[in-house]
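Just so it is clear, none of the values below were taken in a lab; they were calculated from the coordinates. None of these values were measured; they are calculated from a predicted model. Neighbour counts run over all protein chains shown; Cβ positions are idealised from the backbone, glycine included.
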Amino acid sequence: MNKALQVLKDRGFIKQCTDLEALDALMEKGPVKFYVGVDPTGSSLHVGHMVPFFAMHHMQEAGHNPIALVGGGTSMIGDPSGKTEMRKMLTIDQINENASSIRGQLGTVIDFDENRESGKAVMLNNYDWLGGLNYLEFLRDIGKHFSVNRMLTFESYKQRLERGLSFIEFNYQLLQSYDFLTLFRDEGCRLQMGGDDQWGNIVAGVELVRRCERDECYGLTFPLVSRADGKKMGKTEKGAVFLSPELFSPYEFFQYWRNVADADVVKFLKMFTFLPLEEIDELAKLEDQEINRAKEILAYEQTKIIHGKEEADKAREAAKAAFSNQGSGVAIDREAIPSVEIPMSELAAGINVMDLYARTELCKTKSDARRLVVQGGATIENKKVSGIDVTIDDSWVNDGELLLRAGKKRYFRVVLTD
RNA sequence: GGGGAGGUUCCCGAGUGGCCAAAGGGGGCAGACUGUAAAUCUGUUGCAAUAGCUUCGAAGGUUCGAAUCCUUCUCUCCCCA
């Protein structure tokens with residue numbers, strides 16, 4: 001099998017392919033142009049979005065040419081796949097803004113070059129060809145190839161049919177297929193990859209190219225990554241695990257990976273890191289407590305890829321300090337723990353524990369803080385807070401800061417300023 | 001356009017005049033147990049705080065008193081066209 005495909009297969013990226021053998025043969029012959037769609041509906045991607053791009057990375061390494069297609073046009077419509085509700089519609093300005101920040105994030109795993117140096121990836125926006133589309137022409141040239149009966153048999157539409165599906169959403173498949181056709185015509189793109197929820201749309205695109213151009217393109221989908229605990233990949237109680245450090249701090253990001261379920265570690269190492277498979281196989285042998293080493297490596301590698309080595313080092317150190325020295329009061333590097341600033345003078349006057357906690361991200365409200373303290377979950381500088389009447393003043397300060405802890409894992413720093 | 005059913009606290013979902021800040025489940029948070037795991041058990045889960053305040057799509061109204069009754073508006077879903 002072709003090297004790139006083999007890598008994808010070995011790392012668990014392949015779920016379905018329209019014609020694996022033929023694709024294999026095509027890739028053997030030389031570099032293949034392929035694309036993956038991204039939705040610019042938010043300003044930041046989250047880890048769940050990254051699967052196709054890690055796959056893209058491996059493809060690019062093997063010499064194939066990636067196109068990241070921003071769905072500027074399609075996101076103005078909303079894809080029903082896997083959604084129970086219609087998506088919000090965005091303005092062009094918002095989309096463009098999102099697209100540029102997403103591009104930066106993809107840059108962590110993909111090598112872009114808008115000048116199209118050989119093999120470098122490009123980012124295109126389907127608004128460029130969808131925006132000025134003529135409705136009548138589109139219906140005549142493209143619409144005629146689609147059968148409503150057939151579309152209704154697609155799982156993604158079936159589900160939505162029960163709850164209601166607006167006409168514009170129903171058109172999503174046509175537009176995505178048209179994307180493929182356009183990329184084939186203009187760029188010579190022959191392969192579309194995406195999450196398995198996109199299977200229907202991808203197949204439709206392959207068929208459209210076949211009908212219009214009598215040529216064969218291919219589709220490849222990745223498994224929808226799930227977690228062993230049944231939760232959605234990349235989601236926490238507080239929201240998605242965003243790649244943007246403003247929305248999700250590198251420390252928390254590190255912690256997210258550090259805390260994955262045992263059963264997921266190997267799978268994630270394969271998909272979300274670039275470690276050689278032999279090394280991963282070694283880590284896979286770890287059991288029980290030992291498996292924590294594999295989790296640390298996963299967290300470190302992943303953080304390094306997304307946030308850079310420096311942040312990864314900091315997060316790892318901070319985690320070590322926070323967890324391994326619990327109780328001893330020794331903290332090595334607190335830098336990576338999120339913080340808030342409070343004037344020293346204010347603290348010197350004394351602040352009630354509940355008020356202090358309520359000012360951090362640890363507690364949303366004072367009631368929240370009260371609960372925490374009452375239940376014995378509040379710890380400051382490794383001293384357990386005994387009750388809600390405790391007043392925190394400068395005698396608690398250690399090295400110009402206060403390290404607040406809620407429960408066992410959540411930390412927050414209060415940095416004292418003059 | 002006609003007819004019908006609905007909008008309850010993070011989610012699902014009870015609740016038809018006072019005993020409702022609102023059952024139950026999920027989720028979250030905290031505690032115990034642990035490996036910063038899973039599973040399990042316990043507590044907790046509007047704001048504030050010993051009073052009190054603001055919630056049950058929105059705005060009015062009836063009443064000593066409404067999530068529960070009336071009016072208007074609004075949104076969603078279903079059936080017919």
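Write down, largest first, the equivalent ellipsoid semi-axes of segment A:3-222 in whole Å, where each equals the square root of 5 times an eigenvalue of the alpha-carbon gyration tensor.
In descending order, the three semi-axes are 25, 21, 17 Å.
Take each peptide in A:391-397, A:69-75, A:7-13, count the other Cβ atoms within 10 Å of every residue, and average; sorted highest first, the result is A:69-75, A:7-13, A:391-397. For A:Asn65, the amide hydrogen comes within under 5 Å of the amide hydrogens of A:Val32, A:Lys33, A:Phe34, counting only partners 5 or more places away or on other chains and with H modelled in the peptide plane.
Toward the positive end of the charge dipole of segment A:178-287, with +1 on the Cβ of Lys and Arg and -1 on the Cβ of Asp and Glu, the farthest Cα among A:Pro250, A:Met271, A:Met233 is that of A:Met233.
Under the definition of Cα pairs under 8 Å and six or more residues apart, what whole-number percent is the relative contact order of chain A?
This gives 14 percent for chain A.
Amide H contacts for A:Leu124 (H built 1.01 Å from N in the peptide plane; partners 5 or more residues away or on another chain; cut-off under 5 Å): A:Ala68, A:Leu69, A:Val70. Taken over chain A, the ratio of Cα radius of gyration to 2.2 N^0.38 Å equals 1.15.
Every Cα-Cα pair of segment A:361-418 was included, and the share exceeding 15 Å stands at 47 percent.
Between A:Leu247 and A:Arg214, the C-beta separation translates, for a Förster distance of 56 Å, into a calculated FRET efficiency of about 0.75.
Tell me whether segment A:95-159 comes out rounded, prolate or oblate; compute the Cα gyration tensor, take square roots of the eigenvalues as a ≥ b ≥ c, and use a/c under 1.5 as the rounded threshold. Note, shape of segment A:95-159 comes out prolate. Remark: spin-label model distance A:Lys320-A:Lys383 equals 2.8 nm, labels positioned 7 Å along the Cα→Cβ axis.
Note on A:Ile92 and A:Asn134: with the Förster distance fixed at 25 Å, the Cβ-Cβ geometry gives a FRET efficiency of about 0.85.
Can you figure out the FRET efficiency of A:Ser101 with A:Phe167, using R₀ = 51 Å and their beta-carbon distance, to the nearest 0.05?
For R0 = 51 Å, the calculated efficiency reads 0.95.
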